[in-house]
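A quick write-up on the structure given underneath.
The values are calculated or read from the model by the stated rules, or taken from the named source; none is laboratory data. Since we're looking at a predicted model, the values are computed, not measured. Note: ideal-geometry Cβ built from the backbone for every residue, glycine included; neighbour counts use all protein chains shown.
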Amino acid sequence: NAGVTQTPKFQVLKTGQSMTLQCAQDMNHEYMSWYRQDPGMGLRLIHYSVGAGITDQGEVPNGYNVSRSTTEDFPLRLLSAAPSQTSVYFCASSYFGQTGYTFGSGTRLTVV
Amino acid sequence: AQTVTQSQPEMSVQEAETVTLSCTYDTSENNYYLFWYKQPPSRQMILVIRQEAYKQQNATENRFSVNFQKAAKSFSLKISDSQLGDTAMYFCAFWWNNNDMRFGAGTRLTVKP
């Protein structure tokens, strides 16, 4: 049982480049979310999904896109990377949100 | 807007002793859930304990317990018999019915031998 798998674990991008952070879960969870973690600010919600074909914005959605074509996968796309997007990104999933989330191991992204 | 505040950026405790981490939150919701997550140096986020707001009984998980004061909007975590492996960042989190789990800024706990 792999849980929530995020790739890559580390990435360095140049300003203006685009990339996709991958997230997959094998627990048949309907709820999936993307968070970013910055020092002194905890985790902030970027986008979330309550099922295949359904996505919505969180607290800090600007500069990011998501899609949910299957229950298992929830990729996060950075359209044009900026230094302000340097952060650690976490994908999380849950059967019901109130049961608590299972987190992936995170992606450390640096934009230079 | 829902907010979560952890007023202790850093704390330390001697091995085998007890420590309490503080968390307060602000909400107008009545039905919600509260969580404590642990993030060790490995960066993995690990669910420690969960509390349902409609339950008055405080949740416990082995050495971890909470003091939930709904009227005061307070949700502290008590770690008993602290172990070196408890060294980590601890995040308090609040969830209600719109899929947005709000996190506090975290408390860095160091357990000293």
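Values as computed for the structure displayed
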read-out	value
Pick from the range B:82-113, criterion away from chain A (no Cβ under 14 Å) and part of a strand (DSSP E or B), ranking: nearest to residue B:48 (Cα to Cα)	B:109
Checking residue B:44 against (1) surrounded by 13 or more Cβ atoms within 10 Å (Cβ to Cβ); (2) without any contact (Cβ under 8 Å) to a residue 40 or more places away in the chain; (3) among the polar types (S, T, N, Q); (4) within 20 Å of residue B:24 (Cα to Cα), the condition it does not meet	(4)
Condition check for residue B:36: in contact with a helix residue (DSSP H, G or I) (Cβ under 8 Å, 6 or more places away or on another chain) and buried (at least 19 other Cβ atoms within 10 Å of the Cβ)	no
Enumeration of residues in the range B:17-30 that are assigned to a strand (DSSP E or B) and out of contact with any Leu (no Cβ under 6 Å at 6 or more places or on another chain)	B:19, B:20, B:24, B:25, B:26
Index of the failed condition, residue A:73 passing every other in (1) closer than 19 Å to residue A:4 by Cα; (2) crowded, with 18+ Cβ neighbours inside 10 Å; (3) in contact (Cβ under 8 Å) with a residue 12 or more places away in the chain	(2)
Boolean, residue A:93 is at the interface with chain B (Cβ under 10 Å from one of its Cβ atoms) and part of a strand (DSSP E or B)	no
Subset of the range A:10-62 [of a type in the set (Lys, Arg), more than 9 Å from chain B (Cβ to nearest Cβ) and closer than 21 Å to residue B:43 by Cα]	A:36
Odd one out for residue A:77 among (1) away from chain B (no Cβ under 13 Å); (2) not in a strand (DSSP E or B)	(2)
Strands (runs of 3 or more DSSP E) wholly inside the range A:12-53 containing at least 1 residues that are surrounded by 15 or more Cβ atoms within 10 Å (Cβ to Cβ) and touching a Cys at 6+ places or on another chain (Cβ under 8 Å)	A:19-25, A:31-37
Count - residues of the range B:46-81 that are farther than 16 Å from residue B:25 by Cβ, in a strand (DSSP E or B) and among the polar types (S, T, N, Q)	2
Qualifying residue in the range B:6-16 (condition: within 27 Å of residue A:96 (Cβ to Cβ), within 14 Å of another protein chain (Cβ to nearest Cβ) and either modelled with pLDDT under 95 or not in a strand (DSSP E or B) (or both))	yes
Scan of the range A:14-60 for residues that are touching a residue at least 24 places away in the same chain (Cβ under 8 Å), β-branched (Val, Ile, Thr) and within 19 Å of residue B:93 (Cβ to Cβ), ordered by number	A:46, A:60
Number of positions in the range B:9-33 that are over 15 Å from residue B:81 (Cα atoms) and surrounded by 15 or more Cβ atoms within 10 Å (Cβ to Cβ)	8
Qualifying residue in the range A:97-106 (condition: of a type in the set (S, T, N, Q), more than 15 Å from residue B:100 (Cα to Cα) and facing chain B (nearest Cβ under 9 Å))	yes
